[in-house]
Amino acid sequence: MKFVKEIVWIIAFTFIGEALNALLPLPVPAGVYGLILLLLSLVTGLVKLSDVEATGNFLLDTMTLMFIPAAVGIMSVTDVLLPVLIPYIIMIVISTIIVMTVTGLVASAILKHKESKNIKKEASV
Amino acid sequence: MKEAIINSNYFGLILSIALFVLAVELKSRFKLAILNPLLISTLMCIAFLTFLDIPYDTYKSSACMLNFLLTPATVCLAIPMYKQLKLLKDNLLAVFSAITAGTCCSLLSILVMGKLFSLSDEHIATLLPKSITTAIGMGVSEEAGGIVTLTVAGIIITGILGNMIAESIFKIFHITHPIAKGLALGTSAHAVGTAKALELGEVEGAMSSLSICVAGILTVILVPIVNSTLV
């Protein structure tokens, strides 16, 4: 019954997320509503980690697979995509490299700065 | 015979999973970044359907089971975030500065390159939300006057690319901290990047999950501002 209980929790949060997405006029997807509510429930203790962990980890572990149908869906828009494919690909490749690098380097710089401050603090104590 | 097979409730499912397993096997044998399992299984799937003249909708009617699991899986991203909550709180400055910097770079780079390639405003609006999760990106694109079907394609291509190049980028630019890696993956390549981050580790996964939410919200706020400069 362990998995049944876990699935009930996860589907319940998914369902509430879907409902909020349908009812509220915000551009927030159902999954993100569900994520925020599950996180709040875990923090407040309404749901325990052990209530969702095994099924949750299974879903996270297989997540990559879930993108295949949507990715294959590109084949159904080839007639609109082909004329702009080359500029699109060039822009996406360059932009993704820039975004990933800048985000990573900004985070690294701040983390390094913080760590060196902490070391100094420890040394002065 | 062919009809009976392709109309089976499990046809799309077994095709997707089997090709994915095959792609994972190829990757582990040849260890090349280009052999990204998601990319290769998608391409093999498209080739298979095209070659056997099977319409996408037939495939989708049984493969959509996988799609259906995506929302509960997104909900479960709360699990790594909860486990790493202390780390998130302790590093709020780094987290928010990095995601903001990344999101601004995403919008500016698309805007500048779009102008360089003299793309129409419609196409620029289509690509502005390329780094955020599909469900948010579709709304942003529609609001900004983009072509929603192409936005979805752009978001998926971005995700697969990010998933594919992450490890090389981290090596080249010496991005070694798990927090930095997670933020970089989630901000640049949304949920598909997060799937990669989860493979790298729990801290990476948690940071990447948070980035999906924050980068998504920031993009919703910033795109109308960027878009007003187009007119």
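The values are calculated or read from the model by the stated rules, or taken from the named source; none is laboratory data. None of the values given here were measured: they were computed from a predicted structure. FYI the Cβ positions are ideal-geometry reconstructions off the backbone, even for glycines, and counts take in every protein chain you see.
Listed here are the residues, each with its yes/no results for (1) more than 23 Å from A:SER76 (Cα to Cα); (2) touching a helix residue (DSSP H, G or I) at 6+ places or on another chain (Cβ under 9 Å); (3) surrounded by fewer than 21 Cβ atoms within 10 Å (Cβ to Cβ); (4) modelled with pLDDT of 95 or more.
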residue	(1), (2), (3), (4)
B:ASN9	no, yes, yes, no
B:ILE17	no, yes, yes, yes
B:PHE20	no, yes, no, yes
B:SER28	yes, no, yes, no
B:GLN84	yes, yes, no, no
B:LEU87	yes, yes, yes, no
B:LEU93	yes, yes, yes, no
B:ALA98	yes, yes, no, yes
key: Subset of the stretch B:100-122 [in contact (Cβ under 8 Å) with a residue 12 or more places away in the chain and either crowded, with 21+ Cβ neighbours inside 10 Å or assigned to a loop (DSSP other than H, G, I, E, B) (or both)]   = B:GLY102, B:THR103, B:SER106, B:LEU107, B:ILE110, B:GLY114
ask   = Any idea which residue in the stretch B:57-82 is surrounded by the fewest Cβ atoms within 10 Å (Cβ to Cβ), counting only those that are hydrophobic (A, V, I, L, M, F, W, C) and more than 7 Å from chain A (Cβ to nearest Cβ)?
value = B:PHE68
remark   = In the stretch B:158-185, anything outside any loop (DSSP other than H, G, I, E, B), at the interface with chain A (Cβ under 8 Å from one of its Cβ atoms) and either out of contact with any helix residue (DSSP H, G or I) (no Cβ under 6 Å at 6 or more places or on another chain) or among the aromatic types (Phe, Trp, Tyr) (or both) is listed as B:ILE165, B:PHE170
task = Please specify each residue of the stretch B:162-195 satisfying the condition of being more than 18 Å from B:THR219 (Cα to Cα), surrounded by 24 or more Cβ atoms within 10 Å (Cβ to Cβ) and modelled with pLDDT under 95.
result = B:ASN163, B:ALA195
Matching option when the condition is facing chain B (nearest Cβ under 7 Å) and surrounded by fewer than 21 Cβ atoms within 10 Å (Cβ to Cβ), among A:ILE97, A:ILE10 = A:ILE97
query = Applying the selection to the stretch A:51-74, what residues are facing chain B (nearest Cβ under 7 Å) and of a type in the set (Val, Ile, Thr)?
reply = A:VAL52, A:THR64, A:ILE68, A:VAL72, A:ILE74
Among (1) free of Cβ contacts under 8 Å to residues at least 40 places away in the same chain; (2) part of a helix (DSSP H, G or I) - the single one A:VAL28 does not satisfy = (2)
note = B:CYS45 vs (1) at pLDDT below 95; (2) part of a helix (DSSP H, G or I): all pass except (1)
task = Using the structure shown, decide if B:GLY146 is crowded, with 24+ Cβ neighbours inside 10 Å, touching a helix residue (DSSP H, G or I) at 6+ places or on another chain (Cβ under 7 Å), among the small types (Gly, Ala, Ser) and part of a helix (DSSP H, G or I).
result = no
request  = Look at A:VAL84 and say whether it is of a type in the set (Val, Ile, Thr), closer than 28 Å to B:ALA18 by Cα and surrounded by fewer than 22 Cβ atoms within 10 Å (Cβ to Cβ).
outcome  = no
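Could you pull out the residue among B:LEU88, B:LEU111, B:LEU127, B:LEU92 that is within 18 Å of the chain's Cα centre (by Cα) and in the same structural domain as B:CYS213 (by TED's automatic domain parsing)? Quick ask: steps written out before the conclusion?
Working: B:LEU88 fails: within 18 Å of the chain's Cα centre (by Cα); B:LEU111 fails: within 18 Å of the chain's Cα centre (by Cα); B:LEU92 fails: within 18 Å of the chain's Cα centre (by Cα).
Unique residue meeting the criteria: B:LEU127.
Suppose the filter is more than 8 Å from chain A (Cβ to nearest Cβ) and touching a residue at least 24 places away in the same chain (Cβ under 8 Å); does B:THR151 pass it? Break it down into steps so the answer makes sense when it comes.
Values: more than 8 Å from chain A (Cβ to nearest Cβ): yes; touching a residue at least 24 places away in the same chain (Cβ under 8 Å): yes.
It is true that B:THR151 is more than 8 Å from chain A (Cβ to nearest Cβ) and touching a residue at least 24 places away in the same chain (Cβ under 8 Å).
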Boolean, B:ALA33 is farther than 30 Å from A:TYR33 by Cα and either under 21 Å from the mean Cα position of the chain (by Cα) or in contact (Cβ under 8 Å) with a residue 12 or more places away in the chain (or both) = yes
message = Please go through the stretch A:31-50 and give me each residue that is facing chain B (nearest Cβ under 7 Å) and within 30 Å of B:THR42 (Cβ to Cβ), ordered by number.
response = A:GLY31, A:VAL32, A:GLY34, A:LEU35, A:LEU38
